[in-house]
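Read through the structure below, which is laid out as structure tokens, and then see the notes.
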Amino acid sequence: MAVPLILKRVATGIGIRKLISKDIDKAEIPQSEVNKIKRGLGNFAKGIIIKTNTNSKEVIRKVNKFESALERAIDKGVKQAGFQLLDIIRTKTKKGIDFNSKPFAPYSEGYLKRLQKEGKETNVDLWYSGKMLGALTPNQAMTKTGKHKITLGFARAEERNKALWNQVINSPKRQFFGFNNRTEKIINKSFNKFIEKELKRARI
């Protein structure tokens, strides 16, 4: 049933009750309906009460499980990133390009003659005996140096000195040991996918 009542202003619950009371005779509303409206407005003025039941222990357990799974996933992901970077460094060096994807400077004529005399490849790939680049394996070149942190380097002094010669001392330099922004983005993308996959596997 429609109630022919017009509220001309916004008021508190008490003010609205007074307005309704004044208009009872004019609107010819049955007293029972007026009382019903008054009760409804009274309840409305109290506001909305939301009740919910939660299992806080279960929530905490799941949060702890998630944190543990995330910690493990990050550790694995960092190692995977190290593997990937080592592979990229070896692949680029074999192609004769530095970590910025620029071609290595050519070997000197004297060095080329030496390679030819010894029957070795003359490609500028920093591969003479193979020991320096052969040392770039996860077991030899990758070390955990902190929480979610690994360091890549040469464990043996002999190979480290060869790398230093090519990377820093020699002129022209052939900077093979490093990474640029593009490589970083590739590794970050792979890392994020790995973390997402690991967390899905955890089924939290």
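Residues to consider are Lys189, Lys147, Lys162; find the one that is open to solvent by 50 Å² or more (accessible area, probe 1.4 Å), in contact with a helix residue (DSSP H, G or I) (Cβ under 9 Å, 6 or more places away or on another chain) and under 30 Å from Phe66 (Cβ atoms). Lay out the reasoning, then the answer.
On the way: Lys189 fails: in contact with a helix residue (DSSP H, G or I) (Cβ under 9 Å, 6 or more places away or on another chain); Lys162 fails: under 30 Å from Phe66 (Cβ atoms).
Just a single option satisfies the conditions, and that option is Lys147.
I'd like the full set of residues that are loosely packed, with under 12 Cβ neighbours inside 10 Å, under 39 Å from the mean Cα position of the chain (by Cα) and part of a helix (DSSP H, G or I), limited to region 102-143.
Residue satisfying the conditions is Asn139 alone.
Just checking, how many residues over region 58-101 are open to solvent by less than 70 Å² (accessible area, probe 1.4 Å) and among the acidic types (Asp, Glu)?
3
Can you name the residue in region 168-178 that is within 18 Å of Thr91 (Cβ to Cβ) and surrounded by fewer than 17 Cβ atoms within 10 Å (Cβ to Cβ) and, of all such residues, is modelled with the lowest pLDDT? Talk me through it step by step, then tell me what you get.
Going through region 168-178, the residues within 18 Å of Thr91 (Cβ to Cβ) turn out to be 174-178.
Now narrow it down to the ones that are surrounded by fewer than 17 Cβ atoms within 10 Å (Cβ to Cβ): 175, 178.
Working: Gln175: 96, Gly178: 93.
So the residue we want is Gly178.
The values are calculated or read from the model by the stated rules, or taken from the named source; none is laboratory data. Computed from a prediction, not measured in an experiment: that's the story for all the values here. Cβ coordinates were reconstructed from backbone atoms using ideal geometry, including for glycine residues, and neighbour counts include every protein chain displayed. Just the protein is used for accessible areas: all its heavy atoms, side chains included, with ligands, DNA and RNA removed. Shrake-Rupley method; radii C 1.70, N 1.55, O 1.52, S 1.80 Å.
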